[in-house]
Structure formats: C-alpha cells, structure tokens
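Novice: Submitted below is the structure of interest, expressed as structure tokens.
Values in this text are rule-based calculations from the coordinates and carry no lab data. Quantities reported herein were computed from a predicted structural model and do not represent experimental measurements. Virtual Cβ from ideal backbone geometry, glycine too; neighbours counted across all protein chains shown.
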Amino acid sequence: MFRNLVLSLFLSCVIIQEANAASEHQDLVVAVIFADGLPFYVVDDKTQQTSGLLNDILLKLAQSLQMDLRYSPTARNKIEQDIISAKADVGFLDPRWLNTPESMVFSEPVLTYQHAFYGLVAPRKNLSLGSQVKGKTVCLRENFNYPELEDWLEKGELTSVRVSKETRLFDMLQLSRCDLVYTNTLRAQWTINSHDFDKAVYQLGTLGEVDKISLAFSQSWLSRMPEINAAIADMHRSGELKQIIDKNMALKYVKR
C-alpha cells in the first residue's frame, strides 16, 4: 500500500511538471501591423478571426513548434523594438529595414517580392523610370522607411504623401491625391486584381532591389533557429507555401 502511495505521488509530480513545462512558453507572440490588411493579415471585426497569408504561414510554423499563436498588433515602426523588448517573439521583417538588425536572429527568407511604382499613366518604354517618376507626388505608408527612395525624397525630386492604411494607397491614387503609389508587388497585384477601379492602374517599374522577408526573432531564439528554418524549408519544398500565397492572392476585397 505504501509503495502504491509513493508511486501515485511520483506520477502526480511528473504530470504537474509536464503541465508546467507545457505552459511556460505556450504562445508564439507575433508582432503584426494593426492596419495591414489583405492579402497579408486582417482581423474580422465581428468574429475576431484572423486571416491572410502571414496568418496561414504562422499557423503552420506554430504547429511545427507545438505552440499556440497569439498576435500583438502594433505600428510598423514599433515591431523591431517590441521584439527586442520581449513584448513579442517574432515579426515578418527584412533586415535592411531595421535600426539594429544585429539585435535579432533571422530565419531563411519566407517571402520575396519587390517594391514598384504604380500610376494612372501607362509607362513609356523610351523613358527611364527616374524620368517618369521624378517631380511627382508619391503615396507611401505612414511609419515605413524607404531607404531606396531617401535620396530622391531629400532632394525634393519626389514628394511623399503619407497614408495610414495600405488599402488607402490606391484609393488616393484613384482620387488623384497623389501621382504615384510605391508599394510591394504582392500587395499591388492583389489590390489591382480584387478591386474594380474606375481608372486603370499601371506598374511603371522597380528599382531592382528584392525584399527578402524573414521571420525576425530576438536573440533568445537562437537555439531554435535550425528547427524554424527546417519548417520553412519544408513549406517551400512541399509547395505548401506557394499554395498559401496563391489562395490568399485570390481572395476578393470586401468593403467593411
């Protein structure tokens, strides 16, 4: 009887320890832009359900890490500091956008795209991109850095009109509040295909740089990066990542 009591106490301790270990870091906390929108990330106001390609990628990663997913909405220019200060575990970032990239560890790239200029006038093949955009106003996201445009902006060769929400960029263009939009090609492709704009929108060109979007973690995640990179590689190899992108790029805009 005494042996049974000891065994019962031992098993109870093991169960409690396992439960405590499971709850120590149960959530994968993701810093996301609160005003991001489709195709990347959106929250349904009625149901509070999240969707978008970032959401689908993170769900798969959290499953691989055996963690639950929790979002921490923030401003674009606060994501870096939120991760460094441990308010969040991870965010989708390109190291080139950051003030102190050495403070973080980065996964292999998850998404790649470019930034391009868009306007209401078709591009002219005999003119350089610079000739077509200089002297114009360009709608840019509020709290976003555009290092590749800094020289033109500082010299006054481009005049920025800052917009709070990504979905407003092309609305502003349609209303002629700016001559151009400068945004990433995934976002632009989805926006143009999912909206019935009155005026045709044309891509004028890119500056040639490729944005390589990784998962940025604090240094405390260094030991788990092989596991994280293996999960990302598996999504690439299996075609699951392409399916996630294609599914979300096909979503239609619904006015809220």
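Novice: How many angstrom separate the Cα center of the stretch 48-84 from the Cα center of the stretch 159-200?
Specialist: 25
Novice: So what J values fall out for the stretch 211-221 if you push phi through Karplus, 6.51 cos²θ - 1.76 cosθ + 1.60 with θ = phi - 60°, rounded to Hz, Gly and Pro as x?
Specialist: Result, rounded to whole Hz: 7, 10, 8, 10, 8, 9, 10, 6, 4, 5, 8.
Novice: Taking the chain as a Gaussian network, Cα atoms linked when under 10 Å apart, which of ALA233, ALA122, ALA188 shows the biggest mean-square fluctuation?
Specialist: Top of the fluctuation ranking is ALA122.
Novice: Over all directions, how big on average is the projection of the convex hull of the alpha-carbon atoms in the stretch 121-256, in square nanometres?
Specialist: Reported value for the Cα convex hull: 11.2 nm².
Novice: Could I have the simple spin-label model distance between VAL161 and ALA200, label points 7 Å from Cα toward Cβ, reported in nm to one decimal?
Specialist: Label at VAL161, label at ALA200, 2.2 nm between them.
Novice: Please list the non-local residues whose amide H lies under 5 Å from the amide H of ARG141, H modeled 1.01 Å from N, same-chain partners needing a gap of 5 or more.
Specialist: Under 5 Å from the amide H of ARG141: VAL163.
Novice: Another question about this same structure. Can you give me the span-like helices of the chain, meaning DSSP H runs with 27 Å or more of Cα extent along the axis and Kyte-Doolittle mean at or above -0.5?
Specialist: Taking the DSSP H segments of the chain (at least 27 Å long, mean hydropathy at least -0.5), we get 2-24.
Novice: Additional query: So what are the ³J(HN,Hα) numbers for the stretch 69-85, from phi and the Karplus equation (6.51, -1.76, 1.60; θ = phi - 60°), rounded to whole Hz, Gly and Pro as x?
Specialist: 9, 9, 9, 10, x, 7, 7, 4, 7, 10, 4, 4, 5, 4, 6, 4, 8
Novice: If packing is taken as the mean number of other Cβ atoms within 10 Å per residue, what is the order of 137-148, 64-75, highest first?
Specialist: 137-148, 64-75
Novice: Where a ≥ b ≥ c are the square roots of the eigenvalues of the C-alpha gyration tensor, would you call the stretch 117-188 rounded, which needs a/c under 1.5, or, failing that, prolate if a/b is larger than b/c, or oblate?
Specialist: Oblate.
Novice: Moving to a separate point now. Can you give the relative contact order of the chain as a percent, counting alpha carbon pairs under 8 Å and 6+ residues apart?
Specialist: Relative contact order for the chain comes out at 26 percent.
Novice: Stokes-Einstein D for the chain at 10 °C, 1.306 mPa s, Kirkwood Rh over Cα pairs, in µm²/s?
Specialist: In µm²/s, the coefficient is 77.
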